[in-house]
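The values are calculated or read from the model by the stated rules, or taken from the named source; none is laboratory data. All of these numbers come straight from a predicted model, not from anything done at the bench. Cβ atoms come from the backbone with ideal geometry, glycine included; neighbour counts cover every protein chain shown.
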């Protein structure tokens, strides 16, 4: 759960544009070191305000959806050997 999640809920009108690195870790299930590595290698878009680094939520979603596996076919959909 990211900071103030109760204010965002599932309503897209209140989704954050950017989230903290800690929230990116929680939402993605990736480790902190992995998130920072993705940032360093320009695979995650960030904005920096003062000393705070924020991850663009759309960038995190794009990264994760690009690595989504296709669904596994059910046994009834499989061709016999």
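Looking at segment 43-58, which of its residues are surrounded by 18 or more Cβ atoms within 10 Å (Cβ to Cβ) and under 12 Å from the mean Cα position of the chain (by Cα)?
The answer is 44, 55, 57.
Let's see how each residue does on (1) touching a residue at least 24 places away in the same chain (Cβ under 8 Å); (2) out of contact with any strand residue (DSSP E or B) (no Cβ under 7 Å at 6 or more places or on another chain); (3) in a strand (DSSP E or B):
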site	(1), (2), (3)
34	no, yes, no
38	yes, yes, no
47	yes, no, yes
55	yes, no, yes
59	no, yes, no
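Please enumerate the residues belonging to segment 15-32 that are surrounded by 13 or more Cβ atoms within 10 Å (Cβ to Cβ) and in contact (Cβ under 8 Å) with a residue 40 or more places away in the chain.
Across segment 15-32, the qualifying residues are 16, 19.
In segment 1-29, which residues are at pLDDT below 55 and under 14 Å from residue 45 (Cβ atoms)?
Once the filter is applied, which keeps residues that are at pLDDT below 55 and under 14 Å from residue 45 (Cβ atoms), segment 1-29 yields nothing.
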